[in-house]
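Trainee: Quick one: the structure is below, and I'll ask about it shortly.
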Amino acid sequence: MTGYSIRRMKESELCIALDLAKKEGWNPGLEDAICFYQADPHGFFIGLLDNEPIAVGSAVVYNDNFAFCGLYIVKQEYRQHGYGLELTKKRLKYTGNRITGIDGVLENVSKYERLGYVSSHKQIRYEWNGKYSFSSTQNVLDLRTTAFSQLED
C-alpha cells in the first residue's frame with residue numbers, strides 16, 4: 001500500500017471524521033466525538049493516502065477489560081482496496097485483549113465476523129425527519145406528571 005499511512009488523529013481533525021459521517025447519513029451526537037476523544041485521546045486513528053485523509057476510526061479504551069470501536073469510515077472511492085482493513089487492524093491492536101464492541105453497519109456483519117466479532121443483538125434506530133412541527137404546545141405533555149398508561153395509549 002504505497003503512500004498509505006495510519007496515525008493517531010489529532011483533536012483538531014475530529015471534524016474530518018464528523019464530515020465523513022455526515023456524508024454517510026450518520027447522525028452522531030453533536031458533542032459525542034469530543035467526549036469520546038477526551039475519554040481516550042489515543043483511540044482515534046486516521047488513514048492517509050499521500051497525506052490525504054481517506055479513512056477514520058475510533059477505538060476508545062475504557063478500562064483494562066473493555067473498549068469500543070466506532071466512527072469507522074473509508075471514503076467511498078477508496079473502499080475495497082484494503083485501506084479500511086489496515087486501519088481496523090491498527091485499532092484492534094490498540095484495544096488488545098479487551099472485549100471490544102462495535103456499532104456496525106448491517107451490510108458488513110460478515111466482514112466483522114471474519115475479524116472475530118460475534119453479533120450480540122440487533123438494534124433499530126429511529127430519526128425524526130422534521131417534516132412535522134408543532135404550532136403550539138397543546139400536544140406537549142409533561143412526562144413528570146403523565147401516567148405511563150397514557151403514554152402507552
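The values are calculated or read from the model by the stated rules, or taken from the named source; none is laboratory data. Note that this is a predicted model, so its numbers are computed, not measured. All Cβ positions, even for glycine, are placed from backbone atoms using ideal geometry, and neighbour counts span all protein chains on display. The accessibility values were calculated without ligands, DNA or RNA, using every heavy atom of the protein model including side chains. Shrake-Rupley method; radii C 1.70, N 1.55, O 1.52, S 1.80 Å.
Trainee: Anything in the chain that counts as a DSSP H helix reaching 15 Å or more along its axis (C-alpha) with Kyte-Doolittle mean of at least -1.0? List them, would you?
Mentor: 83-95
Trainee: I would also like to ask the following. Leaving out ligands and nucleic acids, note down the accessible area per residue over the chain with a 1.4 angstrom probe, in whole Å².
Mentor: 73
Trainee: A follow-up question, please. In segment 31-98, which GluC sites (Glu not before Pro) fall in coil by DSSP and have 12 or fewer other Cβ atoms within 10 Å?
Mentor: E31
Trainee: Given the DSSP H assignment, sum -39500 (n - 2.57) over each helix run of at least 4 residues in the chain and divide by its residue total; what's the result at 222 nm in deg cm²/dmol, nearest 500?
Mentor: -7500 deg cm²/dmol
Trainee: Something else about it: ³J(HN,Hα) across segment 106-119 via Karplus (A = 6.51, B = -1.76, C = 1.60, θ = phi - 60°), whole Hz, x for Gly/Pro?
Mentor: Going residue by residue, I get 3, 5, 9, 4, 5, 5, 4, 5, 5, 8, x, 6, 10, 5 Hz, with x marking Gly and Pro.
Trainee: Can you tell me what share of the DSSP beta bridges in segment 53-153 is antiparallel? A percent to the nearest 5 is fine.
Mentor: About 60 percent, rounded to the nearest 5.
Trainee: Something else: Find, among the trypsin sites (Lys or Arg not before Pro) in segment 1-36, those assigned to loop by DSSP (not H, G, I, E, B) with at most 15 other beta-carbon atoms within 10 angstrom.
Mentor: Here the trypsin sites (Lys or Arg not before Pro) that fit, given the DSSP loop and packing criteria, are K10.
Trainee: Also: Give the label of the value calculated from the structure for P(r) over Cα pairs in 10 Å bins from 0, in percent, choosing from (i) 11, 40, 30, 14, 5, 0; (ii) 11, 40, 31, 9, 5, 3, 1; (iii) 9, 33, 30, 14, 11, 3, 0.
Mentor: Step by step, P(r) over Cα pairs in 10 Å bins from 0, in percent for this structure corresponds to label (iii).
Trainee: Hey, if you put +1 on the Cβ of every Lys and Arg and -1 on every Asp and Glu Cβ in segment 2-153, which of H81, T146, Q123 ends up farthest toward the positive end of that dipole?
Mentor: Final value for the positive-end residue is H81.
Trainee: Let me know the number of lysine pairs in segment 29-138 closer than 19 Å at the Cα, not counting same-chain pairs under 8 apart.
Mentor: The result is 7.
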